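Trainee: The structure under discussion is supplied below as structure tokens; questions concerning it will follow.
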Amino acid sequence: MTDGKITVLFLETSMRIGGTETVLTQLMQRLDRRRFRPILCCLYEPGVLGQRLIDSGAAVHHGLAKGRWSLATAWRIYRVLRRERVDVLFMVNQPLVQFWGTWCAWLAGVQVRLAAIRSTGKINRIHRRLWINRITFPFVTRVTSLSQTHKAYLIEHERIRPQLLEIVTNGVDLARFTDEPAPRGLRESLGLSASDAVVGIVAMLRPEKAHDVFLRAAAEAHRQVPTARFVLVGEGPERPRLERLAAELGIADAVKFLGARQDVPALVRTFDVAVLSSHPVVETLSNAVLEYMAAGKPVVATHVGSVPEQVVDGVTGYLVEAGDWRTLGARITTLLHDAEGARRMGRAGRREVEARYSIDRMVQQHEHLFERLLNGDRTRRRSSLVVRRSHQSAPGTNDDRGQRPRKCRNASGVAAESRTTNDEPSVRSAQ
């Protein structure tokens, strides 16, 4: 520890604009500075969000990678870990980060090594990820997943032992995403009239987000509600194809591509219905869905990843099968025809986020986890290996070899205790 504070180093490839990167930025900004000293380390360029952290005065290292498998990369990471006297290494989501981070931290004597898996991985790269899991997880203290569904996926498909996994959910800033009316003049600036019904989606324009499904559903809904307008917030390589598809479907005049925006919280407040149309390959706990719900919007989402843990079907929105644009369009139409029902679902969604998914709750979960592990909680450490096909544990997996246990105290001088994470009331408990 440095000056009595726990030094936490967050290791990423780059901090471009994205859901995971936004959550990581908020976590770094909100950790209690009386107890924690956060540092960001990017293998490549810092990215937009990393530069914002630099501009705010945060400690940021970047440009460490000299090649994906170069030993020079390992040496640079090792030097940063030693120089900064890191207590906790938080590795984010990427196999390359996990590979170099684990070994460098082990050699540098970093006591707690956390791998934060925030996706279900890319199918065509799953074998590489399994290989990296197998050789690194014997030396990882814990792996964090985002939900019960995500945890089950990691156990079944990535062969991670349950004892190694901790569930730490995402959180949304309830002060930024509010259920207040949209700012005056915003709808007009987007070319929307007061009588238009607005259906929106916030997602990068990439194939896995299935905006083509959204547009086909939009065409279906537009036939039933001619005043409906469909807003896509986000940029990406799919935009030219999607613009052509909107024209082919005859709804080009009703569709607005807004590109990447800095005012997403305000834009979401203009929506009457919010949509997630993703394929099942990548979604875990959707940040966009949490933001929709925090803004008091009814959600129509595909039944993918952990979304069913977020959206209570018929209470906070509707769930449809992935790719089923007809049902997606029908559910959108239902909500546009029932304004009071839509508002009721939106209010229920806001309550759900307040109870289970606030940013403050997420930060507290991480703080308690860091302190608990530094205080020597290894009750589940013996069973931390990746599950082998034979279901046998490999020998020699203790990660504390040659290290003296260190004690960590919180700001009050008392060892931190873990808390349960599912004791708050929510709309689910009322069902």
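The values are calculated or read from the model by the stated rules, or taken from the named source; none is laboratory data. A quick note: this is a predicted structure, and the numbers were derived from the prediction, not measured. All Cβ positions, glycine included, derive from the backbone under ideal geometry; neighbour counts span all protein chains shown.
Trainee: Filter the stretch 328-376 for residues that are outside any helix (DSSP H, G or I) and closer than 23 Å to residue 163 by Cβ and give the result.
Mentor: Of everything in the stretch 328-376, those that are outside any helix (DSSP H, G or I) and closer than 23 Å to residue 163 by Cβ turn out to be 375, 376.
Trainee: Among residues belonging to the stretch 1-13 that are surrounded by fewer than 19 Cβ atoms within 10 Å (Cβ to Cβ) and assigned to a strand (DSSP E or B), point out the one that is nearest to the chain's Cα centre (by Cα).
Mentor: Selected residue: 5.
Trainee: Any chance you could count how many residues in the stretch 43-64 are surrounded by 14 or more Cβ atoms within 10 Å (Cβ to Cβ) and over 21 Å from residue 18 (Cα atoms)?
Mentor: Residues flagged as surrounded by 14 or more Cβ atoms within 10 Å (Cβ to Cβ) and over 21 Å from residue 18 (Cα atoms) within the stretch 43-64 amount to 1.
Trainee: Looking at the stretch 265-287, which of its residues are under 19 Å from residue 18 (Cβ atoms), in a helix (DSSP H, G or I) and at pLDDT 95 or above?
Mentor: Result: 265, 267, 268.
Trainee: Moving on to the next point. I'm told residue 374 meets every condition in (1) touching a residue at least 12 places away in the same chain (Cβ under 8 Å); (2) in the same structural domain as residue 278 (by TED's automatic domain parsing) except one. Can you identify the failing condition by its number?
Mentor: (2)
Trainee: Okay, moving on. Could you tell me which numbered condition residue 221 fails, if it satisfies all but one of (1) crowded, with 23+ Cβ neighbours inside 10 Å; (2) farther than 12 Å from residue 275 by Cβ?
Mentor: (2)
Trainee: Cβ-Cβ under 6 Å, sequence separation 6+ or interchain: first residue in the stretch 256-280 and basic (Lys, Arg), partner in a loop (DSSP other than H, G, I, E, B). Which pairs?
Mentor: These pairs meet every condition: 269/182; 269/295.
Trainee: Which of the residues spanning the stretch 310-321 are touching a residue at least 24 places away in the same chain (Cβ under 8 Å) and surrounded by fewer than 20 Cβ atoms within 10 Å (Cβ to Cβ)?
Mentor: 315
Trainee: Find the residue count for the stretch 152-198, including only residues that are surrounded by 12 or more Cβ atoms within 10 Å (Cβ to Cβ) and on the phi > 0 side of the Ramachandran plot.
Mentor: Number satisfying all stated conditions: 1.
Trainee: Another one. Tally up the residues in the stretch 263-298 that are touching a Leu at 6+ places or on another chain (Cβ under 7 Å) and surrounded by 23 or more Cβ atoms within 10 Å (Cβ to Cβ), please.
Mentor: 9
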